[in-house]
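S.K.: Below: one structure in structure tokens.
The values are calculated or read from the model by the stated rules, or taken from the named source; none is laboratory data. Keep in mind that what you see is a predicted model, and the values were worked out from it rather than measured. Here the Cβ positions follow ideal geometry from the backbone for every residue, glycine too, while neighbour counts run over all protein chains shown. These area figures cover heavy atoms from the full protein model, side chains too; ligands, DNA and RNA do not enter into them. Shrake-Rupley method; radii C 1.70, N 1.55, O 1.52, S 1.80 Å.
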Amino acid sequence: MIMVTTERMSIFPISDDEMIIKINQETNGELKRAYMEMLAGCKKSPEQRIWHTIWFMQLNDGSGQIVGDLCFKGLNDNGSVEIGYGMKEGYEGRGLMTEAVTAMAKWAITQEGVSCIESETDSNNIASQRVLLKAGFVPTEVMGEEGPRFAWKKC
């Protein structure tokens with residue numbers, strides 16, 4: 001099993017069965033659709049599963065608490081992967097997401113076929129933009145469907 005470990009967390013991909021549970025529990029329609037697309041990507045390209053699945057962020061404090069999740073939106077032909085992320089309510093503002101995004105970018109760039117890590121965030125989501133900047137992403141001056149795009153500076 002793949003696991004990325006940080007100072008405070010273990011980050012790991014979940015199974016298709018766990019994704020189905022996550023989808024069934026999700027109340028946000030937009031997230032539910034995104035998770036369903038991710039699951040379809042896992043099933044369509046099992047050899048590329050890590051670039052489609054949900055990755056859980058679990059605290060290493062013995063509680064086993066899942067505090068958020070991350071995902072990649074597929075590996076493009078040009079070697080680019082886009083990272084997305086979300087934090088559970090009550091865990092914001094502790095630097096956990098910055099820690100996770102930084103670790104996952106460092107991990108992803110070492111994987112075969114990956115040449116760049118990108119992200120896109122809503123123009124009004126200043127907290128998400130701060131996470132990206134602290135994690136070593138830089139604005140690309142390109143506007144995507146969701147808002148401004150960022151690329152990890154080591155690309």
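S.K.: Sort out which residues of the range 117-146 are in a strand (DSSP E or B), open to solvent by less than 20 Å² (accessible area, probe 1.4 Å) and more than 19 Å from F12 (Cα to Cα), and write them in order of number.
M.R.: S119, F137
S.K.: Of all residues in the range 92-108, count the ones that are surrounded by fewer than 16 Cβ atoms within 10 Å (Cβ to Cβ) and of a type outside the set (D, E, K, R).
M.R.: 2
S.K.: Same structure, new question: Note down all Cβ pairs under 8 Å where the first residue falls in the range 107-134 and is free of Cβ contacts under 8 Å to residues at least 60 places away in the same chain, the second is among the basic types (K, R) and in a loop (DSSP other than H, G, I, E, B), and they're at least six residues apart or on different chains.
M.R.: I109/K154
S.K.: Can you say whether F72 is assigned to a strand (DSSP E or B), closer than 22 Å to L31 by Cβ and in contact (Cβ under 8 Å) with a residue 40 or more places away in the chain, as far as the supplied structure shows?
M.R.: No: the conditions fail for F72.
S.K.: Determine, yes or no, whether K43 is over 15 Å from the mean Cα position of the chain (by Cα), modelled with pLDDT of 95 or more and surrounded by fewer than 20 Cβ atoms within 10 Å (Cβ to Cβ).
M.R.: yes
S.K.: Does the range 59-70 contain any residue that is open to solvent by less than 20 Å² (accessible area, probe 1.4 Å), under 18 Å from F12 (Cα atoms) and in contact with a Lys or Arg (Cβ under 6 Å, 6 or more places away or on another chain)?
M.R.: Yes: the range 59-70 contains one or more residues that are open to solvent by less than 20 Å² (accessible area, probe 1.4 Å), under 18 Å from F12 (Cα atoms) and in contact with a Lys or Arg (Cβ under 6 Å, 6 or more places away or on another chain).
S.K.: Among the residues of the range 94-106, is there at least one that is part of a helix (DSSP H, G or I) and over 22 Å from M3 (Cα atoms)?
M.R.: Going residue by residue through the range 94-106, those that are part of a helix (DSSP H, G or I) are 96-106.
Those still in the list that are over 22 Å from M3 (Cα atoms) too: none.
No, the range 94-106 contains no residue that is part of a helix (DSSP H, G or I) and over 22 Å from M3 (Cα atoms).
S.K.: To continue, here is another question. Filter the range 1-19 for residues that are surrounded by 14 or more Cβ atoms within 10 Å (Cβ to Cβ) and of a type in the set (A, V, I, L, M, F, W, C); which is nearest to L59 (Cα to Cα)?
M.R.: Going through the qualifying residues, I end up with M9.
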